[in-house]
Amino acid sequence: MKDRRSHLPAIMTWAVLIFFYIPIILLVVNSFNANRQGTIWMGFTLKWYEQLFSSKGRDIWRALTNTLIVATIATAISTFIGTCGAFALHKYKSRFQNFHYCLIYTPLVVPEILIGISLLIFFMALKIELGLTTIVIAHVTFCISYVAMAVLSRLQDFDMTILEAARDLGANHWTTTWKVLVPIILPGIFAGALLAFTLSIDDFVITFFVNGPGTTTLPIQIQGMIKRGAMPLINALSTLLLAVTFVAILAYQMILKRNQRNAG
């Protein structure tokens, strides 16, 4: 009797992939469309890219610069604090452990609009001027939780007796940390840092409440451009960001394959 396998899983998989990628393909195609509205194909053009790199795109590049500055600083701070917090949660046990875990989980489940409003009220109460500093603080508050959870997942299989063995062999605290602990949990730290960087770049709701004059980030800039009907520039910018992302992924895959080949 022949084994008849159902084609439903494959059909559903392709349907989901098509649903995800068709909008991206349309975005890329419309970035070369001479029609400003993008509803009808009116010929190939590069004028939207020319405008993007002209004076019309000056605000976009300023917003992108602000976004990268905030994301870099927020990632660095949240990675350090989140890693230390994850190690402390894993190593030290107390009756308040559930409360500590609750503090880590809370930013993951609380709606962003509540975090944004509460941070805005907090900054106003302290009379802190809204700007890049408040955006960085806001991003650090929610990025720490993601980093901590990524590192905690790596520490679940970590044997603390390895650190004790290193100390018994004469290694001091500094050497034990950087030569034993960090290399083992480095994949978790790296994953948490990448997640924090991505979330910081992508955040709109929290940033909307805590940004000040002249500190517009890219998501907020794009939202304002959509209101003004500047979709062609958004399509061109999004296409460039996609190209950079694909090049980075391709470079990573090539480096990974080369390392595996050298290791083999």
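Against the conditions (1) hydroxyl-bearing (Ser, Thr, Tyr); (2) surrounded by fewer than 20 Cβ atoms within 10 Å (Cβ to Cβ); (3) touching a residue at least 24 places away in the same chain (Cβ under 8 Å), where does Thr177 fall short? Just the number, please.
(3)
Only one of (1) more than 18 Å from the chain's Cα centre (by Cα); (2) surrounded by 14 or more Cβ atoms within 10 Å (Cβ to Cβ) fails for Phe197. Which number is that?
Just one mismatch for Phe197, condition (1).
Tell me which of these Thr65 doesn't satisfy, since it passes every other one: (1) assigned to a helix (DSSP H, G or I); (2) over 25 Å from the mean Cα position of the chain (by Cα); (3) surrounded by fewer than 13 Cβ atoms within 10 Å (Cβ to Cβ); (4) not basic (Lys, Arg).
(2)
Can you give me the number of residues within the range 189-202 that are touching a residue at least 60 places away in the same chain (Cβ under 8 Å) and either of a type in the set (Asp, Glu) or within 13 Å of Leu152 (Cβ to Cβ) (or both)?
Result for the range 189-202: 2.
Which members of the range 204-216 meet the condition of being part of a helix (DSSP H, G or I) and of a type in the set (Phe, Trp, Tyr)? Please lay out each step first, then the result.
If we filter the range 204-216 for residues that are part of a helix (DSSP H, G or I), which is where we start, we get 205-210.
Of everything in the range 204-216, those that are part of a helix (DSSP H, G or I) and of a type in the set (Phe, Trp, Tyr) turn out to be Phe208, Phe209.
Name the pairs: first residue in the range 19-34 and more than 18 Å from Glu50 (Cβ to Cβ), second residue part of a helix (DSSP H, G or I) and among the hydrophobic types (A, V, I, L, M, F, W, C), Cβ to Cβ under 9 Å, at least 6 apart or on different chains?
That search, which allows pairs on different chains as well, returns Ile24/Leu242; Leu27/Ile234; Leu27/Leu242.
Of all residues in the range 1-45, how many are over 26 Å from the mean Cα position of the chain (by Cα), surrounded by 12 or more Cβ atoms within 10 Å (Cβ to Cβ) and part of a loop (DSSP other than H, G, I, E, B)?
8
Which residue is surrounded by the fewest Cβ atoms within 10 Å (Cβ to Cβ), if the candidates are limited to the range 229-264 and must be among the polar types (S, T, N, Q) and more than 18 Å from Tyr21 (Cβ to Cβ)? Lay out the reasoning, then the answer.
Of the residues in the range 229-264, the ones among the polar types (S, T, N, Q) are 235, 238-239, 245, 253, 259-260, 262.
Keeping just the survivors that are more than 18 Å from Tyr21 (Cβ to Cβ) gives 253, 259-260, 262.
Working: Gln253: 10, Asn259: 10, Gln260: 9, Asn262: 7.
The extreme case among them is Asn262.
With respect to the numbered conditions (1) farther than 25 Å from Pro219 by Cα; (2) in a loop (DSSP other than H, G, I, E, B), which one is the sole condition not fulfilled by Glu129?
Unmet condition: (1).
Is it the case that the range 186-203 has a residue that's under 30 Å from Glu112 (Cα atoms) and not in a helix (DSSP H, G or I)?
Step one: filter the range 186-203 for residues under 30 Å from Glu112 (Cα atoms), giving 186-203.
Now drop any that are not not in a helix (DSSP H, G or I), which leaves 203.
Looking through the range 186-203, at least one residue is under 30 Å from Glu112 (Cα atoms) and not in a helix (DSSP H, G or I).
Quick one: how many residues across the range 95-126 are out of contact with any helix residue (DSSP H, G or I) (no Cβ under 8 Å at 6 or more places or on another chain) and part of a helix (DSSP H, G or I)? Give the derivation first.
Within the range 95-126, the subset out of contact with any helix residue (DSSP H, G or I) (no Cβ under 8 Å at 6 or more places or on another chain) is 95-96, 98-99, 102-103, 109-111, 114, 118, 121-122, 124-126.
Filter again for part of a helix (DSSP H, G or I), leaving 98-99, 102-103, 109, 114, 118, 121-122, 124-125.
Qualifying residue count, the range 95-126: 11.
Let's see how each residue does on (1) part of a helix (DSSP H, G or I); (2) surrounded by fewer than 14 Cβ atoms within 10 Å (Cβ to Cβ); (3) in contact (Cβ under 8 Å) with a residue 40 or more places away in the chain:
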position: Lys93; (1), (2), (3): no, yes, no
position: Leu152; (1), (2), (3): yes, no, yes
position: Phe158; (1), (2), (3): no, no, yes
position: Leu163; (1), (2), (3): yes, no, no
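Just so you know, all these numbers are worked out from the coordinates, no wet-lab data involved. Note that the structure is predicted; figures quoted are calculated from it, not measured. With ideal geometry, Cβ positions are generated from the backbone for all residues, glycine too; neighbour counts draw on all protein chains shown.
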